[in-house]
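The values are calculated or read from the model by the stated rules, or taken from the named source; none is laboratory data. As the structure is a prediction and not an experimental result, all values here were calculated from the model. Cβ placement follows ideal geometry from the backbone for every residue including glycine, while neighbour counts extend to all protein chains displayed. Just so you know, the surface numbers come from the protein's heavy atoms only, side chains and all, with ligands and any DNA or RNA stripped out. Shrake-Rupley method; radii C 1.70, N 1.55, O 1.52, S 1.80 Å.
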Amino acid sequence: TQNAARAFKECLDQGIRPLDMRLGLFTLALEEEDWPEARAQVDALLAENPKSPEGLTASVALAREQNEGELPREKALELRATAKRAILADPTYVPALIQFADLTFEHDLEVDGNVTSVIDSIRFLAPDLGEGKVFEARLFAHQGALDEALSMLDEMIKWSASTGQELQYKEIRKELAESS
């Protein structure tokens, strides 16, 4: 981590792909739970461009990580609104789309046409992304099509790339089956 951070900082000092270097430093800081460093990178991204989809999305990710997913409903709504601003700034920025959808399902927020559009966008822009498929299954379950959602998750379990991924999909399947 230290070597990667040093390399990112050297590139940043030389003006080489500053957005990517800041995102790299942000990701390393999140992994190390270095909240001040992560906040510094978010602040720098937003100082360059207050409407930066990367900066807005990073601010959402930081708030979620710092609170370990335990957010009051009002804070979850606030973070989802920030993710929406990132989406409006760049409707093709998949990390913002994922944050929006994940906040919706993780915190049991209103599922409306925006959520459906976001999931459709994720599936279109990144069709092989597991998160998009999981969001689609969650949406099916929410709309009352539980059999279709479970069938979709069964296929994902069958074609899992790793044991960890398989266990994750099984846990989601169990959660959806029990919530009905």
Open item on the list: Restricting to segment 128-137, name every residue that is closer than 12 Å to Arg173 by Cα and more than 15 Å from the chain's Cα centre (by Cα).
Closed with: Ala137
Open item on the list: Step by step: first the residues of segment 100-115, then only those that are under 16 Å from the mean Cα position of the chain (by Cα) and among the β-branched types (Val, Ile, Thr), then the one that is surrounded by the most Cβ atoms within 10 Å (Cβ to Cβ). Which residue is that?
Closed with: Thr104
Open item on the list: Within segment 141-176, take every residue that is of a type in the set (Gly, Ala, Ser) and outside any helix (DSSP H, G or I) and give me the one that is surrounded by the most Cβ atoms within 10 Å (Cβ to Cβ).
Closed with: Ser160
TODO: Working carefully through the options Ala5, Ala101, Ala61, Ala86, find the one that is part of a helix (DSSP H, G or I) and out of contact with any Asp or Glu (no Cβ under 9 Å at 6 or more places or on another chain).
DONE: Ala61
- [ ] Would you confirm whether any residue within segment 92-106 is of a type outside the set (Gly, Ala, Ser) and without any contact (Cβ under 8 Å) to a residue 12 or more places away in the chain?
- [x] no
- [ ] Being of a type outside the set (Gly, Ala, Ser) and open to solvent by 50 Å² or more (accessible area, probe 1.4 Å) is the filter; apply it to segment 35-54 and report the residue that is nearest to Ala83 (Cα to Cα).
- [x] Lys51
- [ ] Please state which one of Glu68, Glu33 is at positive phi, of a type outside the set (S, T, N, Q), assigned to a loop (DSSP other than H, G, I, E, B) and free of Cβ contacts under 8 Å to residues at least 12 places away in the same chain.
- [x] Glu68
- [ ] Can you tell me which residue among Arg80, Arg85 is crowded, with 20+ Cβ neighbours inside 10 Å and either more than 11 Å from the chain's Cα centre (by Cα) or within 19 Å of Leu139 (Cα to Cα) (or both)?
- [x] Arg80
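Okay, residues lined up against (1) under 26 Å from Pro53 (Cα atoms); (2) part of a helix (DSSP H, G or I); (3) of a type in the set (D, E, K, R):
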site	(1), (2), (3)
Phe105	yes, yes, no
Asn114	yes, yes, no
Pro127	yes, no, no
Glu136	yes, yes, yes
Leu139	yes, yes, no
Glu178	no, yes, yes
Task: Failed condition for Arg64, given (1) open to solvent by less than 40 Å² (accessible area, probe 1.4 Å); (2) farther than 22 Å from Leu25 by Cα - done: (2)
